[in-house]
Amino acid sequence: MYRAFDLKVTNKEIEDVVKYNSTEQIKLWNNIGWQCKQEFKDEYNYLLKNYLNDGTINGTKLIKEVFDKNNYDVFLSYSHNDEKLVLTIAGMLMEQFNLNVFVDTFYWGSADDLLKEIDDIKCKNSDGTYDYQKRNITTSHVHAMLTSAIMQVMDLSEIVIFVNTNNSVPVLENTLSGKKEYTFSPWIYEEVLLTELLRGKKWFEHRLSTFNERMEYKKEQDFEIAYELPKNNMINIDVDDIHEWIRINQRLNCSKNKKIRTKEDLELLLFIDHHPLNILYKIIEMKCETEKK
C-alpha cells in the first residue's frame, strides 16, 4: 500500500460532482458497479462448487483463485449500508480513470454464502437447527480465511479509500472522547487499522507488473461494541478533491499531443505523469501547500 485516504462523502455530494446530465452519469456509474458485483458473485459461486467437498474446503486454493489477480489500484472500505453510494464511486473510478477497484463488501458478504454451505453439511441437526459449538468453529475458519485474504489485497493495493459516512462512522452520544471517531463494525476497524500496520511501498512498486506486461459485513445484533478508528495514517479528502481529480484528468486526456497555447495548458505541465493516481497525489500535495500558506 502506498497511501490511505479518508473520504467524507454523501450521495448528494457525489451527484453534485456531475453538473450536467448528472442523473444519467450517476446511473451509468452505479450500473458499472452493480455489474462488477454480479460478475464477482457468478465467479465466486462457480469456484465455491469446485472447492467445497463434503463440507471441507481448500482455503488456500480458494483464496488464491478468488483474490489472486493483478494488483489493485484502489481498495474501497465502507459500510454495507452505503452499498449504492460506494458502487457508484467504484463505477466512477472505473469509467473515469480506468482504475482496477477492489470493493471489500463483495467478499465480506460472500462469507455468508460460504458459511451457509459449510454449516448445512457440517453443523445442521436433524431437527433443522444448527449446533452452536460446531458453528463457532466454522465461523472462525471462514472469517480467518477472509481476513487473511483482505489483508493480502490491501497490501497489494496502491491506495485505500475509506468511505466515511454516518453509517460507517456513526455519531455517538456520550462518547468517551470528544472528537475521536468510532465504528460499530469490527471489519471496518480492522481495515482502517491495517492501513497503519501494512508495509509502505512506493507508488511505482505497485505498477511493476503493469509495466512488465502492459467486505464490510455486519449483522443486526442485540449489542454493539464501538471501536476507535486509528486513522493517523489517512489523508483527508472530500468531494471537491474528487471533482478536481475528474476535471484535470479529462483536461489531460483532451490535451494530449496539443500545443501549449493558454495559461491553463501550461498549468497541466505540473501533471507530467498522466496516471490517474499520480494526478490525485499531485492535487493533494498542492492542496496541502496552499493550506500551509
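Every number here is computed from the coordinates shown, using simple stated rules; none is lab data. Since the model is a prediction, treat every value here as computed from it, not as a measurement. Reconstructed Cβ throughout: ideal geometry from the backbone, glycine too, with neighbour counts over all protein chains shown.
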### Query
Amide H neighbours of Asn100 under 5 Å, counting only residues 5+ apart in sequence or on other chains, H built in-plane at 1.01 Å?
Asp73, Val74
### Query
Residues with amide H under 5 Å of Tyr182's amide H, sequence separation 5 or more or different chain, H placed in the peptide plane at 1.01 Å from N; which?
Leu229
### Query
At what distance in nm do the modelled label points of Glu228 and Tyr132 sit from each other, each positioned 7 Å from its Cα along Cα→Cβ?
3.4 nm
### Task
Apply the Karplus parameterisation 6.51 cos²θ - 1.76 cosθ + 1.60, with θ equal to phi minus 60°, to every residue of the range 79-92 and state each ³J(HN,Hα) to the nearest whole Hz, in sequence, with x for glycine and proline.
7, 5, 5, 9, 4, 4, 4, 6, 5, 5, 4, 4, x, 5
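Determine, for each peptide in 93-102, 121-130, the mean count of other beta carbons within 10 angstrom over its residues, then list the peptides with the highest first.
Taking the mean over residues of other Cβ atoms within 10 Å, the ranking is 93-102, 121-130.
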